[in-house]
Amino acid sequence: MTRNLLSFILLLGLLGNLSCGTKPESVSQNSNEITTDKTLDGFFRELEEKDMFSGAVVVKKNGKILLKKGYGKANFQFDKDFKANTPMEVASVSKQFTAAAIVLLEQQSKLNIEDNVQTYLDDFPYSEITIKHLLTHTSGLVNYASHFRKNWDTTKVAYNKDIISYFKTEKPDLESVPGEKYSYSNSGYVVLAEIIARVSGEQLDEFLHKNIFQPADMRSSAFYERDTIWKMKNYAPAYMLDLKTCAYTKPENLPGKYYYTFLSGRLGPGRLSSSINDLVKWDSILNTNAIFSEKSKQKIFQVYKPEKDSSDYGFGWHIYNDDSLGKVVYHTGSWAGNLTSIKRYIDDKSLIVVLNNRYNTAYLKDIRKQVEGYLKGQTLEVPKQKIEHLLQKEICNLNKENLYSWYESIADEAEISLEALADLEKEYLEIDKPRKANLAKDLSSFITNSN
């Protein structure tokens, strides 16, 4: 056992922000939930009641956990509530772990991030691309998704080997000269995963389990096949609202969304599942030198600007400085109904993690903004429900006779957007639901005339 690993194990018992803190506060037996801040808890309970949030959240201030709790339904099929230890796919939040694996290999003197990719993947067709280019989204590689959505046999799942094969055989032109432009690239992180496998002799999931998840006791963190998650009772698969039925469903069941299945096999840019319990432990690790040296963390948490463009990206994290809270690093994720975000305030040792398994994008942006304001001393305000979201859920029960009375019953509490209603009308027409499109149009006209 290495000295660093032994030190880390000893630190686990001392870090109050890990799951086995020395002073557990309001902790349930099964998921280690903490609700020391009743204002934050009340904020999320109201969001849950209004169907504006379903997921889990952790908020830390100056290293102390104010809230760590799940809200809403994690799994409809097995009737499971969201808990702090409920895993769900974190989408592009996965990138920080892929980047961390690369940095850890460099820390172990097994690679150099300044090296060309061909040093480790000798048949990679782009000689000028370096590992650093991949980490910072400056490689110029085109995103593979558009090609696979047009050309792939959708009865099969595409894995990293298939994506790498596409670049080797098709050799698509680069979007820009490596190092010159920032362009967010899932392709680059697929290549990083293959470098990790080639250098370490282990696939990315195995490497992370052995070097980070297991020593950190991150028991909910793993990579699962898409078909597997629907059979797991204590897992939170994501759901999206079906505009035809007004009910939540598997995202791949929706028109044009089957790519969520056949593009679900990649490692590197996404697909990691984790829980807020584990992401708190991850944050705690990054606040020590137990696994990553100070030099390694400095590399991870600095911006690498391209030669002819602007960027706020480091190694798997966006980075900026806040006037009141100091250095901030964050990442968001979106995939198959999941919306995720992690934001670490390095100087302040504060943290916000929000995991949501129902695709309410607009609410999540408002929620994150409110919670961040709360950390700065501002008042928490529950955002208004959006008229288009309310209509999507209720329109199956509406007709011309009750449409206006329904609107008047919710008008004072809703945020009204004629533009959003017009967009919704178009969506209904695209899925051949003219009756619903007409109702959305009629509601817009009624609101306009009422004003």
Report summary line: When the charge dipole of the chain is computed with +1 on Lys and Arg Cβ and -1 on Asp and Glu Cβ about the Cα centre, the Cα farthest towards its positive end, among Leu243, Gln378, Asn449, belongs to Gln378
**Report entry** Dipole magnitude of segment 42-188 about its Cα centre (Cβ charges: Lys, Arg +1; Asp, Glu -1), debye to nearest 20
**Finding:** 760
Query raised in the report: What is the helix-to-structure angle for 434-450, meaning the angle in degrees between its Cα long axis and the longest Cα principal axis of the chain, kept from 0 to 90 and rounded to the nearest 10?
Result: 70
**Report entry** Dipole in debye (nearest 20) - segment 261-325, about Cα centre, beta carbon charges: Lys, Arg +1; Asp, Glu -1
**Finding:** 360
Report summary line: A chain fully extended from Asp227 to Ala422 at 0.36 nm per residue, minus the present Cα-Cα distance, gains in nm 66.6 nm
Query raised in the report: Which Cα, out of Ser176, Met218, Asn438, lies furthest along the positive dipole direction of the chain (beta carbon charges, K/R +1, D/E -1)?
Result: Met218
Query - Rounded percent of accessible protein surface that carbon and sulfur make up, segment 93-191, 1.4 Å probe - result: 44
Requested in this report: For segment 63-218, just list the percent of Cα-Cα distances falling in each 10 Å bin from zero outward, please.
Outcome: 9, 33, 30, 19, 9, 0
**Report entry** q = 0.10, 0.16, 0.23 Å⁻¹, segment 266-388: log10 I(q)/I(0) [Debye, one scatterer per Cα]
**Finding:** -0.37, -0.94, -1.53
Requested in this report: Mind pulling the angle between the C-alpha long axis of helix 276-286 and the longest principal axis of the chain? Nearest 10 degrees, somewhere in 0 to 90.
Outcome: 40
Query - With eigenvalues of the C-alpha gyration tensor scaled by 5 and rooted, segment 167-325, Å - result: 29, 24, 19
Query raised in the report: Whole-Å semi-axes of segment 183-239's equivalent ellipsoid, largest first, each the root of 5 times a Cα gyration tensor eigenvalue?
Result: 23, 18, 10
Report task. Go through segment 86-93 residue by residue and turn each phi into a ³J(HN,Hα) via Karplus (6.51, -1.76, 1.60, θ = phi - 60°); whole Hz please, and just put x for glycine and proline. Result -> 7, x, 8, 5, 9, 6, 6, 4
Query raised in the report: If the cut-off is a Cα-Cα distance under 19 Å, which aspartates and glutamates reach Lys161, setting aside same-chain residues fewer than 8 apart in sequence?
Result: Asp122, Asp123, Asp153, Glu170, Glu194, Glu202, Asp205, Glu206, Glu225
Report task. With everything on Cα atoms, drop me the angle between helix 160-170 and the longest principal axis of the chain, reported from 0 to 90° to the nearest 10. Result -> 80
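Compute the whole-percent fraction of alpha carbon pairs in segment 221-301 spaced more than 14 Å apart.
73
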Report summary line: In order over segment 65-71: 3J(HN,Hα) from phi, Karplus 6.51/-1.76/1.60, θ = phi - 60°, whole Hz, x for each Gly or Pro, gives 6, 8, 8, 8, 7, x, 9
Query - Dipole magnitude of the chain about its Cα centre (Cβ charges: Lys, Arg +1; Asp, Glu -1), debye to nearest 20 - result: 940
Requested in this report: Kindly flag which residue pairs out of Lys297/Lys365; Lys400/Lys433; Lys73/Lys386; Lys210/Lys295; Lys95/Lys299 have an alpha-carbon separation exceeding 18 Å in this structure.
Outcome: Lys297/Lys365; Lys73/Lys386; Lys210/Lys295
**Report entry** List Val157, Val58, ordered by accessible area with a 1.4 Å probe, largest first
**Finding:** Val157, Val58
Requested in this report: Take the Cα radius of gyration of the chain and divide it by 2.2 N^0.38 Å, with N its residue count; two decimals is plenty.
Outcome: 1.02
Query raised in the report: At 222 nm, what helix-only mean residue ellipticity would the chain give, in deg cm²/dmol to the nearest 500, using -39500 (n - 2.57) for each DSSP H run of four or more?
Result: -10500 deg cm²/dmol
Query raised in the report: Which chymotrypsin sites (Phe, Trp or Tyr not before Pro) in segment 122-181 pass both tests, a DSSP loop state and at most 15 other beta-carbon atoms within 10 Å?
Result: Tyr159
**Report entry** Probe 1.4 Å, protein heavy atoms only - accessible area per residue of the chain in square angstrom
**Finding:** 44
Query raised in the report: How long is segment 335-442 along each principal axis, judged by its Cα atoms, biggest number first, in Å?
Result: 56, 31, 21
Query raised in the report: Using the eigenvalues of the Cα gyration tensor, what equivalent ellipsoid semi-axes result for segment 389-451 when each is taken as the square root of five times the eigenvalue, whole Å, largest first?
Result: 17, 13, 11
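The values are calculated or read from the model by the stated rules, or taken from the named source; none is laboratory data. As the structure is a prediction and not an experimental result, all values here were calculated from the model. Don't worry about glycine lacking a Cβ; one is built from the backbone with ideal geometry, like all the others, and counts go over all protein chains shown. The protein model used for the area step is the full one, side chains on, heavy atoms only, and it has no ligands, DNA or RNA in it. Shrake-Rupley method; radii C 1.70, N 1.55, O 1.52, S 1.80 Å.
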